[in-house]
Amino acid sequence: MSATAAVNETVRKFEKLCEILDRHGRDPAKLIPILQAVQEEYRYLPEEALTYVATSLSLPPAQVYGVATFYAHFTLKPKGKYLIRLCDGTACHVRGSTGILEALRKRLDLTETRDTTPDLMFTLETVSCLGACGLAPVVVINDDVHGQMTPEKALALVDAILASEGAK
Amino acid sequence: MSGEAKGVMKEAVNLEAVAAAYEASRAAVKRRVIVCAGTGCVANGSLKVFDAFKAKIAAAGMPVVVELETEAKEGGVHVSHSGCQGFCQMGPLVTVEPDGVFYTRVRPEDVDEIVQTTIIGGQTVERLLYVDPATRQPRRGQADIPFYARQHRSVLKACGRLDPGDIREYIHAGGYAAARKAWREMTPRQVCETASKSGLRGRGGAGFPTGRKWELCLAQPGPHKYIVCNGDEGDPGAFMDRSVMEGNPHSVIESMMIAARGIGADEGYVYVRAEYPLAVKRIRQAVAAAERMGLLGADVFGTGLPLKLRVMEGAGAFVCGEETALLASVEGKRGMPRPKPPFPAQSGLWGRPTVINNVETLATLPIIFSEGPDAFRKLGTAKSPGTKTFALTGHVANTGLIEVPFGATLRQIIFDVGGGVVDDAGRPMPGGFKAVQIGGPSGGCLGEAVLDMPLDFDSLQGIGAMVGSGGLVVMNKRTCMVSMARFFMRFTQNESCGKCVPCREGTKQMLALLDDIVEGRADENTLDLLLQVAKTVQKASLCGLGKTAPNPVLSTLRHFREEVEAHVRDKRCPAGQCKALLRPVIDPEKCVGCAACARKCPVGAIAGEKKKPHRVSADLCVKCGACLAACKFGAVSMG
């Protein structure tokens, strides 16, 4: 990337940020909705975006960083194209979510600390409850809820994604 | 206070006219198809079923009516969504009115048959009815199904019938009349008194009297006060608030209007958990619809008083269910609790008097204000009046959302409504009941001994548990209670905000001690130490999260002591779940006495006569698993 292109890229980035900040009236009390919108845009919270938000809202960067790291929903690392959220709430847990987690980790070669595949295709997380306990165990891929899962069914979902991605 | 003198009040939204207009458009359509669009049914494909209905009805030559307000046509069929009907595992659920036929597990390919047989022919499609597993008889309507018939649905009544996106239908069903009464006919003091008289207690967990909270807030001076709806339902295994917000969002708004009148609030927030995108959407739509109709805004019901509601999405922190942490989060800060007093009712959001009520608590208000506090007290127990919704899940035949009066027993809930205990594959498991977990990470695991105790706020507290938000997870005999206690401790340890030392460090130490127990490292001091730390965390933590975090452990020690001791003393997991404690067992039925395993055993732990079943000595075994691999008859297993 040439120097001018890089500058243009940065300007474009901050344009989006300014839009989000303006939409929320640059109100420091709206920090959480602002960060949610930023994450929606970039799929994670880039460090430069956090600093920019802090400066624009006249907040210490530490405070913005503090909020961004406090809530489980925010992530400072890029996530995969497919975000797999496995519910490990009580109902899903007693109905065998652990087996599904192990099967998915094995297939995607992930661990508890390494939750995203190197090609940024998949991120695998556990969440504490999605409130779909009647369908336990539950797996959510991006926005699609899949209920009454088994390790085999979960792997079939991943394989279907891999097949469709491979075909592209 | 322009609202008190009736004479000066201006005209307000004419609810009766709205209801009459709705009635007129409803009378035009011939039939109505209600497709459940709760999270559970959507996951099962109900939106495709909805589209199939639109297509097939049109193909059959009948007008399809989705928006009743604008599209109502003579002879048309109204196809509408509903909120969660509670019977998620049987979804997608479809009801045809006025026939009252209730179909379960409807697939898009079944739709044509329903259109032809029921909508056109007026007959029932037998194969799609719910079949009662006990009698093997098909059931035609919801009222005939034991899961529904044995409940008492009042808060949940409208969820699953009303179209959550249609404010007119809510008004037609009597909605916003209670709010109008509170604003036009009652003074704030009278509103607070009605809440107090009803005996309503907070459904979010602690059971604090709602009326008293309001009165404290009303007594505070100052022109600006806030009403906050706590929809940060974080307890794993609980989803009643999600269902109410998704299925009947206008009841939440109407209730917030009643509460706002009681305390004198001019602004409010609905704080919804980020994991509930559909609830966020429906509440936002409902607030906008109420504003458009003039119910919310600068002049509520012609009193000249304003009320503005905003919706805020949480960002994933369990501790934000605690009221002071929730307020910090609304203010854009880390969601950390602070010491009380001052209570939020005295100094809350941005230092102003604030009342925070849970979704289910609020959703009970229209019932109290339309039927009166005395009628409300007729259900439930003297100190816990009314009904309570529970999310019944786990190893139980009918999982879903249920509502029963306080005072019902766990036996009635699990066996009558829930249809009994099932095994891991979902088959009935007579005598399989082991425990029920109530109240999530703040509650406890209860055993068979308390199945017949009437449930209310106080009875549960007395045995070391808690109503909490109302999650009920049933566990069968194959569940290890120590691993469950560890599961909850891992949850609270993870969710501890880290502000106060007893909770931050205490939960960590308790988790480490539980790890020792399930991994076979515990000794005779472990349990004493665990108990000591638990008592400290309970006493010294700042907020409810820490104070109740030891409950799962303490209740397990209380109700399942033997099982815990088996782990500690004998290094044995009676349920056969703790992997580190499993050791090879030889099935005497399958063992032929070939001694192949005994020859492979590196420590000589297997012995027995030739051609007779062999045994593994627990004292000598090192759990290497060589015997498992050696056996050709599948007689060795880990147990």
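Details
- Phi angles of the stretch B:270-285 translate, via the Karplus equation with coefficients 6.51, -1.76, 1.60 and θ = phi - 60°, into HN-Hα couplings of 9, 9, 10, 4, 5, 6, 10, x, 5, 5, 4, 5, 5, 5, 4, 4 Hz per residue; Gly and Pro are given as x.
- Inverting the pair-averaged 1/r between distinct Cα atoms of the stretch B:482-569 gives 12.6 Å as its Kirkwood hydrodynamic radius.
- Rg in Å to one decimal, and Dmax rounded to a whole Å, for the stretch B:321-430 via C-alpha atoms: 19.4, 56
- Our helix-only sum for chain A, with -39,500 (n - 2.57) per DSSP H run of n ≥ 4 divided by its residues, gives a mean residue ellipticity at 222 nm of -16000 deg cm²/dmol.
- Proportion of all alpha-carbon pairs of the stretch B:175-372 beyond 24 Å (%): 32
- Over the protein assembly as shown, volume per residue of the alpha carbon convex hull, in Å³: 195
- Here's how it looks for B:A607: its modeled amide H is under 5 Å from those of B:R615, B:S617, which are all 5 or more places away or on a different chain.
- For B:M312, nonlocal amide neighbours, meaning residues 5 or more places apart or on other chains whose placed amide H falls under 5 Å from its own, are B:V270, B:Y271, B:V272.
- The stretch A:27-98: projected area of the alpha-carbon convex hull, averaged over directions, in nm²: 5.9
- By the beta-carbon count within 10 Å of each Cβ, the least crowded to most crowded order of B:S384, A:S164, fewest first, is A:S164, B:S384.
- Residues of the stretch B:444-488 with amide N under 20 Å of the 7 Å Cα→Cβ point at A:R105: B:480, B:483-488
- Taken one residue at a time, the phi angles of the stretch A:129-135 give Karplus couplings (6.51, -1.76, 1.60, θ = phi - 60°) of 6, 9, x, 10, 4, x, 10 Hz. Gly and Pro are set to x.
- Placing unit charges on each Cβ (+1 for Lys and Arg, -1 for Asp and Glu) gives chain B a dipole about its Cα centre, and among B:L582, B:V537, B:P552 the Cα reaching farthest toward its positive end belongs to B:L582.
- The calculated 222 nm mean residue ellipticity attributable to helices in chain B amounts to -10000 deg cm²/dmol, summing -39500 (n - 2.57) over DSSP H runs of n ≥ 4 and dividing by all residues.
- Relative contact order of the stretch B:284-439, taken over Cα pairs closer than 8 Å and 6 or more residues apart, is 9 percent.
- One equal scatterer on each Cα of chain B, no solvent, Debye formula: the resulting log10 I(q)/I(0) at q = 0.07, 0.10 Å⁻¹ is -0.52, -0.96.
- Order of A:I161, A:I34 under a 10 Å beta carbon neighbour criterion, fewest first: A:I161, A:I34
- DSSP assigns beta bridges within chain A; of those with both partners inside it, close to 55 percent run antiparallel.
- Dimensionless Rg over Rh [the stretch B:364-522; C-alpha; Kirkwood]: 1.03
- Relative contact order of the stretch B:583-638: 48 percent, from C-alpha pairs under 8 Å at least 6 residues apart in sequence.
- Legend: P(r) of the stretch B:15-140 from all alpha carbon pair distances, 5 Å bins from 0, whole percents, reading 2, 11, 21, 22, 19, 13, 7, 3, 1, 0.
- Two-decimal Rg/Rh across the stretch B:89-208, once Rg and the Kirkwood Rh are taken from alpha-carbon atoms: 1.12
- Student exercise, chain B dipole from Lys, Arg, Asp, Glu Cβ charges, in Debye to nearest 20: 1440
- In order through the stretch B:539-550: 3J(HN,Hα) via Karplus (6.51 cos²θ - 1.76 cosθ + 1.60), integer Hz, x for Gly, Pro: 7, 9, 6, 6, 10, x, 4, x, 4, 9, 4, x
- Simple Cβ-charge dipole of the stretch B:15-140, Lys/Arg +1 and Asp/Glu -1, about Cα centre, in debye nearest 20: 380
- Mean shadow area of the stretch B:174-235 over all directions, Cα convex hull, nm²: 5.6
- Under 5 Å between amide hydrogens, built in the peptide plane, is the criterion, and for B:G202 it picks out B:G207, B:F208, B:T210 among residues at least 5 positions away or on other chains.
- Hull volume per residue, based on the alpha-carbon atoms of the stretch B:583-638 and their convex hull, is 62 Å³.
- Summary of the geometry: the stretch B:277-293 and the stretch B:484-547, compared by the centres of their Cα atoms, lie 41 Å apart.
- Within a straight-line Cα-Cα reach of under 18 Å, A:K106 can be paired with the following aspartates and glutamates, leaving aside sequence neighbours fewer than 8 residues apart in one chain: A:D88, A:D115, A:D119, A:E125, A:E152, A:D159.
- Most positive-pole-ward Cα, B:F102, B:L68, B:G231, against dipole of chain B from beta carbon charges: B:G231
- Projecting the Cα atoms of B:A408, B:F457, B:P428 onto the charge dipole of the stretch B:408-462, computed from C-beta unit charges around the Cα centre, puts B:P428 farthest toward the positive end.
- Averaging 1/r over every pair of different alpha carbons in the stretch A:82-167 and inverting the result gives a Kirkwood radius of 12.7 Å.
- Over the stretch B:15-140, relative contact order from alpha-carbon pairs under 8 Å, at least 6 apart, %: 27
- Taken about its Cα centre, the protein assembly as shown carries a charge dipole of about 1460 debye when Lys and Arg each add +1 at the Cβ and Asp and Glu each add -1 at the Cβ.
- Electrostatic bookkeeping for B:C159 treats Lys and Arg as +1 and Asp and Glu as -1; over the other residues with beta carbon under 9 Å from its beta carbon, the sum is +2.
- Taking the square roots of 5 times each eigenvalue of the Cα gyration tensor of the stretch B:532-629, largest first, gives ellipsoid semi-axes of 43, 12, 10 Å.
- The fewest-to-most ranking of B:W214, B:W183, B:W350 by surrounding Cβ atoms within 10 Å reads B:W350, B:W183, B:W214.
- When the P(r) is computed for the stretch B:433-527, the part past 20 Å accounts for 46% of the Cα-Cα pairs.
- The stretch A:9-162, Cα convex hull volume normalised per residue, Å³: 126
The numbers here are math on the coordinates, done by the rules we state, and not lab data. This structure is a prediction, so every number in the text was calculated from the model and none was measured. Please note: Cβ atoms are built from the backbone with ideal geometry, for glycine as well, and neighbour counts cover all protein chains shown.
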